[in-house]
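A quick write-up on the structure given underneath.
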Amino acid sequence: MTRSADQWATPPQVPHDHYVSALVYSDPDIFREEQEKIFKKVWKLACHESEVATPGDYRTFTYAGTPLVVVRGMDNKIRCFVNTCSHRSALVARGPSGNAKTLTCFFHLWEYDTKGACIAMTRDLGFKEVGPRKEEMGLRAVRCETRVGMVFINLDDNAESLGAYLGNALDLLEEVMGTKELEVFHYHQVDMRANWKQWHETNMEDYHNWGHVVNRTTGMQAKGHFERKWILYPRGHGTMEPMKIDYSRYKGWEDRQEANLPGLRPGELRFADLFPNTTIIVRATCIRIDTSTPIGPSHTLLEYRGLGIKGEPAAERAVRVRNHNQFWGPFGRNLVEDVVFVEAVEESNRDGAAKYSVLSRREDMRAQDDALLRHFHSEWSRRMGRPASNPLNQIAQAAE
């Protein structure tokens, strides 16, 4: 039966935490509030430690409107700073990456060491009368911690530690990612015309695998696929019980018997979704890390990293790269489809054609239950101080 305009605008008749308003994806005021209440308060994946492998290596990026630089110091410690000169606010490190013994602002040539201290002010005699002194003009330090090779930053000086924030959310990946030294062998970006939450949602629900030809041919045909249980952690994180996938069901693909990662059975799948915008997925031979940077309500920068074992034989690396690119490369059979899915959703959300997104699948926490989606939006609602189902307090809540 079709619905009238009034019926279309009526909230779904399910508990209020089983649907979300389309406004959480499109409203510019909500987006700006997310920057302050979420992104400037939580831990964000910055890069992998292999991207700043040697002293002096640095990596730049912008997050929550703040230019940042991650650098490995001459003392081998990884640090993060706001990438802004203390003098007249020019960017200090201007390329996406590089190596330097010191960071020098190109505008007036103020110089900083890799610990963030200001070590030189050109023609500093001009500052002697009223200041400032270079000892007072170091870069703004940003909290920076590493877990199983992943470098996280937090713009909030008073935030809890990374360990407290993650809790046990990476337990299933500790052996896989912490046993041998890993390195990034693949990196690419996608400029996605959709909201950041819409992307992360694809990683938090198994139900959308019906849209992937490879997934419904391999994983969804594997024994026990639908019986796996979700595991939810505090602060919006989650994962699912591991499973073995039969890749031989897809013509031309081997069964991932070679180059397996530590602690995994051949063909095994594990993953972790970290609030608000990072996912780590392990498919037997390769690891994908993706994270998003919100640029606007309908604009998101996606970053993808593929990881392998550092120093492994060339033949094993070739297998790993091939397997990674079949699934997750720019022309693979997974990521591109997800972007198409999400941008199709955005077309309806952008100008208000869609009113609500339904998260009401319940299967006793089994694979195609919407449990993690609801868990994520519960954390979003807590941090934002407003329910995702009714963010502007415009409607009476649906039945409990």
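Points worth noting:
- Any hit, the range 356-364, residues being under 29 Å from ALA169 (Cα atoms), surrounded by 18 or more Cβ atoms within 10 Å (Cβ to Cβ), modelled with pLDDT of 95 or more and not assigned by TED's automatic domain parsing to the domain that holds THR218: no
- Subset of the range 107-145 [among the hydroxyl-bearing types (Ser, Thr, Tyr) and in contact with a strand residue (DSSP E or B) (Cβ under 6 Å, 6 or more places away or on another chain)]: TYR112, THR114
- Considering only residues in the range 107-143 that are under 22 Å from LEU155 (Cβ atoms) and among the hydroxyl-bearing types (Ser, Thr, Tyr), the one that is surrounded by the fewest Cβ atoms within 10 Å (Cβ to Cβ) turns out to be THR114.
- Criterion violated by ILE153 - all others in (1) modelled with pLDDT of 95 or more; (2) in the same structural domain as ALA272 (by TED's automatic domain parsing); (3) surrounded by 21 or more Cβ atoms within 10 Å (Cβ to Cβ) satisfied: (2)
- Residue list for the range 296-352, filter: assigned to a strand (DSSP E or B) and either more than 17 Å from the chain's Cα centre (by Cα) or surrounded by fewer than 16 Cβ atoms within 10 Å (Cβ to Cβ) (or both): GLY296, GLY308, ILE309
- Filter pass, ALA272 being of a type in the set (A, V, I, L, M), over 26 Å from LEU162 (Cβ atoms) and either assigned by TED's automatic domain parsing to the domain that holds GLU181 or surrounded by 19 or more Cβ atoms within 10 Å (Cβ to Cβ) (or both): no
- Residue in the range 49-61 that is surrounded by 16 or more Cβ atoms within 10 Å (Cβ to Cβ), closer than 27 Å to ALA388 by Cα and not aliphatic (A, V, I, L, M) present: no
- When the residues of the range 276-295 are filtered to those that are under 18 Å from the mean Cα position of the chain (by Cα) and in a loop (DSSP other than H, G, I, E, B), the one that is nearest to LYS37 (Cα to Cα) is PRO276.
- Answer residue from the range 183-196, given it is of a type outside the set (S, T, N, Q) and over 16 Å from TYR304 (Cα atoms) and is farthest from the chain's Cα centre (by Cα) among those: ARG193
The values are calculated or read from the model by the stated rules, or taken from the named source; none is laboratory data. All values reported here derive from a predicted model rather than from experimental measurement. Neighbour counts run over all protein chains shown; Cβ positions are idealised from the backbone, glycine included.
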